[in-house]
Amino acid sequence: MTTPTPKRPPRQRMSLSLRNDRFRGLLWQIAVVAIAVALVAWLWSNAVHNLSARRISTGFAFLGREAGMPIVDTWLAYSPKDTYLRAFIVGIVNTLRVAVIGIVLATIIGTLVGIARLSSNWLLSRLAAVYVEVLRDVPPLLQLLFWYVLMQGLPPARGAWRPIDGVFLSNRGLVVPSITLDGGQFWVIGTAVLGFIIFYSLRRRLITLQIQDGRTRRIWPYGLLLVIALPALVSWVLGVSWTVTMPELRGFNFVGGWTFAPEYFALLIALVTYTSAFIAEIVRSGIQAVPRGQWDAALALGLRRSFVLQKIVLPQALRVIIPPMTSQYLNLTKNSSLAVAIGYQDIVSIANTTLNQTGQAIEAIALIMAVFLTISLGISLIMNWYNAHIALVER
Amino acid sequence: MATATQDTSRPTSRPRSAFDANPVTHWLRANLFSSITSSIITLLLIALLARMIISFVHWGIWDAVWTVPGNDTSACRAARGLGACWAVIPEKYRFILFGTYPYDQQWRPALATLLFIALFYASCLRRFWRRELVLIWAVMLSLIGLLMWGGAPGLPFVSQERWGGLPVTLILATFGLAFGFPLGIFVALGRRSKLPAIRSLCVVYVELIRGVPLISLLFMASVMFPLFMPDGVNIDKLLRAQIAVVLYAGAYLAEVVRGGLQAIPRGQHEAADALGLSYWQNNRLIILPQAIRHVIPPLVNTFIAFFKDTSLVLIIGIFDLLTTAKTAIIDPAWQAYSVEVYIFVALIYFAFCFAMSRYSRHLELQGKRGA
């Protein structure tokens, strides 16, 4: 990107001479584009030739065929009889569910570690520094393999660890009690989400009022009412039953409950620990970028340190934090493709299996690229919107 | 977090007591027990740390098995669940470090590794930051190539398929940097060019590569690349992976260099133009030397990330350090001791990355001091 100049020099007239800048520029462009086009054309003609020699028809028609690949860990209904398209969708959902939960957890842990790194408590800040340094300097793939080996080394289902009743940790993964979800429950959850949205806009409105007249208003009772009491009322009126199914050990495996497969769990831990180390550094430097005077002024007003951090320093630090944070989120999403190394079936793993089964290399890799470019674009859009939202409003 | 603060030496209004007179207790009080919350955190952390250290000492040192006779792992099996089996390291370290390179020739990859380290060390010294550094790199890299391939008298030829371990990791990373960096410079210049066709080509290249995971590029290199070549042209797998790594590095380094270019004030361009320098002279003599100096710390950080990322070649089956480690524990006798092997390899990666990150920190501090 070039910075806009206040006054452009008058454009030189084009003349057909090598000493003329505009003409030379045009020649350069023609040459570079010609080389690029020739290269692509050459590669393409080779590919067409090779594909026809191997009797592979190009195109996405294979997506409608029966996939015949088993997918073990999925949220969507899937059987090997389903089509490749369905398998790809399952893969995308698997990628998203590790990426989204990973981003949330990494942000929370990273922020806490970043704050801990600036603590006045020497031991706490040292430990946070060690956490960051160790996790940052070991390749994520190695960490992933390490966690996966540890998962496999857990006791078998029969001797599973039971930290709390109904929660089992074994080499089959983590099993927790489940709640049956059908019609009624979704209404209640919907009400809670709606209540939260109303609460959020109400909160903003109240804060605006507070800025106008300076009177503090209690916000939390509204939250309690909208997010807890209202859904509870809906649940009671509709007579929704909340049955909790406890997992049970039958033979060698668990019945009932929600299972987080060891592959998913290992991937999540590796991504979260690795990324949180980077986020911690971003948060630390963001907080340090806030001028000391802000601390001093706020403390001089007699505010508590935790209040100063939450309400004065972090909001200002966010402006420094958000842009590098966005690229960490993108990195986490891209790193989720390491799943293929331990057999968690994300989009890359499923595309790879498809590629081996059908030989549709170009299509499979084009799909991977399309999916990741879309996710990256989505994250960038959300983060840019958020960045604009918190940007300093100057008079 | 109530304990967050920015400095540790805040003057307290508390009256001076006997605690403050003694430097040790004064330090303890200021840094570990400055308030009730802080004291609770300290005590909790000490308890947690003590537990962790004790169990690690038990597992890693006290109850660990350090050597076993031959391939007989019964001692390790007896200690299973209690102590580590470090015996796997002396048994397997040659394979982990050098892969399937002929056993009696393994001094060559070892020497190559040392040359790499010497090359990195020399490149870190400010006194070597001159034009001749390019020449040193060229000579050293050819020397390393000669050592690894052999073919000269006294050095039997070793084909690439037998290379493995640490040298392969270093080769992928170093050659990736050596070719990716010039590529990145050209792309960064292209992205800031006034010529729309060149600019858009560079933007597409950078955004496409940065938008997808490295794994998909490596898949492309291993599966799609042969499709794009004419019949009979068969490029070695390591070289294909190397090309993917160079393209990947080029895109990321281009963005770093672009950051440096943006930091150069317009006046520099205009002054150089006024001197009558051409576009290339202008960039070579005036703009790039300044721009690159600006971005050396982020360049080192990119290189660290990139060094770690080379481990992904495991997925397409190239024998880098991580792959040899994973292969070493396929051996049924040692299968159960992968944690020990992973810790060993993690230490090697850590040593390299930690050295680089310390160096980058050092550069940043120097930059702040205005060196």
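The values are calculated or read from the model by the stated rules, or taken from the named source; none is laboratory data. Model, not experiment: these values are computed from the prediction. Note that we place each Cβ from the backbone using ideal geometry, even for glycine, and neighbour counts take in every protein chain shown.
Of note:
- Condition broken by A:GLY286, with the remaining ones in (1) within 12 Å of chain B (Cβ to nearest Cβ); (2) in contact with a Lys or Arg (Cβ under 9 Å, 6 or more places away or on another chain) satisfied: (1)
- Hits in region B:166-201 (condition: among the polar types (S, T, N, Q) and buried (at least 17 other Cβ atoms within 10 Å of the Cβ)): B:THR169, B:THR174, B:SER193
- Test: residue in region B:302-309 that is surrounded by fewer than 18 Cβ atoms within 10 Å (Cβ to Cβ) and either in a loop (DSSP other than H, G, I, E, B) or more than 11 Å from chain A (Cβ to nearest Cβ) (or both): no
- Once region B:17-51 is narrowed to residues that are hydroxyl-bearing (Ser, Thr, Tyr) and part of a helix (DSSP H, G or I), the residue that is nearest to B:ARG77 (Cα to Cα) is B:THR42.
- Restricting region B:187-219 to residues that are more than 29 Å from A:ALA361 (Cβ to Cβ) and in contact (Cβ under 8 Å) with a residue 60 or more places away in the chain leaves a set whose member that is nearest to the other protein chains (Cβ to nearest Cβ) is B:ARG192.
- Pair list, Cβ < 6 Å and 6+ apart or interchain, from region A:368-395 residues that are under 15 Å from A:SER337 (Cα atoms) and of a type in the set (Phe, Trp, Tyr) to residues that are in a loop (DSSP other than H, G, I, E, B) and modelled with pLDDT of 85 or more: A:PHE372/B:VAL212
- Of the residues making up region A:329-369, those that are surrounded by fewer than 21 Cβ atoms within 10 Å (Cβ to Cβ), more than 9 Å from chain B (Cβ to nearest Cβ) and under 21 Å from B:GLU207 (Cβ atoms) number 1.
- Strands (runs of 3 or more DSSP E) fully within region A:237-316 that include at least 1 residues being aromatic (Phe, Trp, Tyr): A:253-255, A:258-260.
- Test: residue in region A:126-142 that is within 10 Å of another protein chain (Cβ to nearest Cβ), more than 24 Å from the chain's Cα centre (by Cα) and surrounded by fewer than 21 Cβ atoms within 10 Å (Cβ to Cβ): yes
- Test set (1) within 13 Å of chain B (Cβ to nearest Cβ); (2) at pLDDT below 90; (3) out of contact with any strand residue (DSSP E or B) (no Cβ under 6 Å at 6 or more places or on another chain) - A:LEU309 fails condition number: (3)
- Considering region B:250-286, and only residues there that are of a type in the set (Phe, Trp, Tyr) and under 15 Å from B:LYS194 (Cβ atoms), the residue that is surrounded by the fewest Cβ atoms within 10 Å (Cβ to Cβ) turns out to be B:TRP280.
- The requirement of being at pLDDT 85 or above and more than 12 Å from A:ALA361 (Cα to Cα) is satisfied by A:VAL40.
- With respect to (1) away from every other protein chain (no Cβ under 12 Å); (2) in a helix (DSSP H, G or I); (3) crowded, with 17+ Cβ neighbours inside 10 Å, the lone exception for B:ARG293 is condition (3).
- Residue count for region B:41-61, restricted to those that are away from chain A (no Cβ under 14 Å) and either among the aliphatic types (A, V, I, L, M) or within 29 Å of the chain's Cα centre (by Cα) (or both): 4
- Among the residues listed as B:PHE186, B:PHE225, B:PHE175, the single one being part of a helix (DSSP H, G or I), closer than 20 Å to B:ALA305 by Cβ and out of contact with any Ser or Thr (no Cβ under 7 Å at 6 or more places or on another chain): B:PHE175
- Only one entry of A:ALA87, A:ALA106, A:ALA160 meets the criterion of being more than 13 Å from chain B (Cβ to nearest Cβ) and under 30 Å from B:ILE40 (Cβ atoms), and that entry is A:ALA106.
- Residue within region A:102-119 that is more than 24 Å from A:ILE322 (Cα to Cα) and in contact with a Ser or Thr (Cβ under 7 Å, 6 or more places away or on another chain) present: no
- Filtered residues of region A:22-43 (kept if facing chain B (nearest Cβ under 8 Å) and within 37 Å of the chain's Cα centre (by Cα)): A:VAL33, A:ALA36, A:LEU43
- Filter result for A:ALA116 (at the interface with another protein chain (Cβ under 10 Å from one of its Cβ atoms), touching a residue at least 12 places away in the same chain (Cβ under 8 Å) and touching a strand residue (DSSP E or B) at 6+ places or on another chain (Cβ under 9 Å)): yes
- Restricting region A:247-294 to residues that are crowded, with 21+ Cβ neighbours inside 10 Å and among the aromatic types (Phe, Trp, Tyr), the residue that is farthest from A:LEU314 (Cα to Cα) is A:TYR264.
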